[in-house]
Amino acid sequence: MTNNLFLRVVILIGFSIGSVLHGSLVAASEKAILDPNARFHPVVSNSGMVVSQEMIASQVGADILSRGGNAIDAAVATGFALAVTLPRAGNIGGGGFMLVHLAAENKTIAIDYREMAPASAYKDMFLDAEGDVDNLRARFSIHSSGVPGTVAGLIHALDNYGTLSLKQVLQPAIDLARNGFAVSVDLSESLLARKQTLQNDPASKGYFYKADGSGYQPGEILAQPDLAKTLGRIADKGRAGFYQGRTADLLMAQMQRNGGLMSLQDLANYQVVERTPVCGDYRHNRVCAMPPPSSGGVHMIQMLNILEGWDLRSLGHNSAAYLHRLVESMRRAYADRSQYLGDPDFFPVPVAQLTDKKYAALLRGQIDLQHASRSEDIRPGLSQSTLGSALGSESSETTHFSTWDQWGNVVSNTYTLNFSYGSGISVAGAGFLLNNEMDDFSAKPGAPNGYGLVGGEANAIQPGKRPLSSMTPTIMFNRADEPILATGSPGGSTIITIVMQMILNIVDFDMSVAEATAAARIHHQWLPDSVFYESGISVDTLRLLREMGHQLDDKTGVLGSTQSIQRLGVESPQREEIEAPQREEIESPQRLGVESPQRPVIKSILYGTADYRRAGSGVAIQRQSPKD
Ligand code: DON
């Protein structure tokens, strides 16, 4: 950041300490957040913020912040609201991952609420008589659903790290389901696109279409009374309102109608797991993301480690030389994913080796900077160290949201039903859709799943196991160990490379979160051997990539939908770089005029950007009381 820009930020913050710190901060500050020449600008707040893929749900979260809730309260409220307003991905019948940063303890936790395979699931359950994968059964039958984790996960987060009651955070979602809300263009169109699958199931047909089978037009009201009752039972009884009693009975009745395997015991046995996030240093930052059973954190850090060895900035953003390095790093990481990644409670995932800088250096050394390698020549690579034809063609949905409160607590959450509207099967009487996450297992070694991903033993189906995921909720920290970014995305197999490009855009190219979001993205996943790219990569660059030997996919569409919050505060210098008297000034809440019931914070500004690759997303900010 230039001195000029830095000063502008300080003036905006209105801090008296700006001039005191100017000298030391400018030297260490790195980003031109408020560049007047930028084509895209983030939404700004100096209190709390919520960014999600659906604006009503963002507002629900921001209202919780305005009422004094923390980032975790807001996240849980947003998560339940999205289950109503964004039914293709928001859910209570699916699962996901939440990264929580607690400012007071300076601690980051990874909450794993991924679906679990039912106890009677078995390795070959999706193979037909010929031994081939029956994709319909794996993706659209009652067998495609894992035991849902979302309700247990959100309640776990609230019980352990929230401050409000479950009733308080659930009430907005209950009201939205009971009274209905105006259907957005996005919801109307996505229901139309999924009509065939959803209308195969009588309950889904009733819930999401009018009595004559026609769809809802934008602006018409969609009410979901059965869902409202289920949410009400959860509000009254907590976890038991979903995994036991009436909701569980309705789910069991659905299993019986469709011949499903899930039992009451499976519901009772569902477990949320708190894990240690997987973190890695990338240049001056520390990037923390979801560990296995997501492959996201491991491979994002592996790729960043490879890329760290080059001066990417000097190559130019999205130049052929830059994209070549990205593609070759992605190719190698996804080759490893196919062999080494799975549920760590069932398979010894070599996280430390895969994220080791020395291993990255070995892989980097194998990359020819002038020519593309061929995926068929690249094998999962750890053994060298001492230490499909298209992306899945299925319409896909997952959703990410980020929340940040006035005390510096941060939530980065990605959850999903897997495909858009999951299996398409709703639990009749309970009003919610069931996931088709079982397709994220490797049904047969080498056979691609819905995202073209291949796998083997590590991700084979076993009772009680969690299918391997690519979801990558991420929080990045600066050199002073303060959070500076929360981000994540949907996109199936492409999630990991999308989130990584957000990091690269911000760290290497000094982009604001708005510019980083808007920039065109690419993706490669080893198999198929294709570079997927968005519009916005120049034709000259594509020609150069082709000349290097890359095979380009020419029908990618858009990649992901990141929902991000970036923080800029008086934080860039390492704590020890600041003289002691100045440090006291920065860290004294009284002198800053900041009142905090939690850890004294260095007041900061939040920059939020909802990714408009999916219509209807939005940033909502905490209302401030007059005394603020
Ligand atoms: O867990 C996973 O990796 C997938 N089930 C995520 C699916 C997804 O992102 C679909 N969204 N576009």
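Odds and ends about this structure:
- Test: E515 is among the acidic types (D, E), away from the ligand (no atom under 16 Å from the Cβ) and closer than 30 Å to G408 by Cβ: yes
- When segment 92-104 is filtered for residues that are out of contact with any Asp or Glu (no Cβ under 7 Å at 6 or more places or on another chain), hydrophobic (A, V, I, L, M, F, W, C) and part of a strand (DSSP E or B), the ones remaining, listed by number, are M98, L99, V100, L102.
- Assessment of segment 273-290 against the conditions (of a type outside the set (K, R), open to solvent by 50 Å² or more (accessible area, probe 1.4 Å) and either touching a Phe, Trp or Tyr at 6+ places or on another chain (Cβ under 7 Å) or within 16 Å of the ligand (Cβ to nearest atom) (or both)) yields no matching residue.
- Selection status of Y270, open to solvent by less than 40 Å² (accessible area, probe 1.4 Å), at pLDDT 95 or above and closer than 30 Å to G429 by Cα: yes
- One residue stands out among those in segment 104-134 that are touching a Gly at 6+ places or on another chain (Cβ under 7 Å) and open to solvent by less than 10 Å² (accessible area, probe 1.4 Å): the one that is nearest to M262 (Cα to Cα), which is A117.
- Subset of segment 518-543 [within 16 Å of the ligand (Cβ to nearest atom) and not in a loop (DSSP other than H, G, I, E, B)]: H523, F532
- From the list G424, G456, G452, the one residue that fits, being open to solvent by less than 10 Å² (accessible area, probe 1.4 Å), more than 10 Å from the ligand (Cβ to nearest atom) and at pLDDT below 95, is G452.
- Subset of segment 210-253 [outside any helix (DSSP H, G or I) and out of contact with any strand residue (DSSP E or B) (no Cβ under 9 Å at 6 or more places or on another chain)]: K210, A211, D212, G213, S214, G215, Q217, G238, R239, Q244
- Residue within segment 402-418 that is at negative phi and open to solvent by 10 Å² or more (accessible area, probe 1.4 Å) present: yes
- Meets criteria (closer than 18 Å to I425 by Cα, modelled with pLDDT of 95 or more and touching a Phe, Trp or Tyr at 6+ places or on another chain (Cβ under 7 Å)) for L222: no
- Residue within segment 345-363 that is modelled with pLDDT of 95 or more, within 16 Å of the ligand (Cβ to nearest atom) and open to solvent by 20 Å² or more (accessible area, probe 1.4 Å) present: yes
- In this structure, I503 does satisfy being within 18 Å of the chain's Cα centre (by Cα) and away from the ligand (no atom under 16 Å from the Cβ).
The values are calculated or read from the model by the stated rules, or taken from the named source; none is laboratory data. Worth saying up front: this structure is predicted, and the values here are computed from it rather than measured. Because the Cβ atoms are built from the backbone with ideal geometry, glycine has one as well, and the counts that use them run over all protein chains shown. Please note that ligands, DNA and RNA were not included when accessible areas were found on the heavy atoms of the full protein model with its side chains. Shrake-Rupley method; radii C 1.70, N 1.55, O 1.52, S 1.80 Å.
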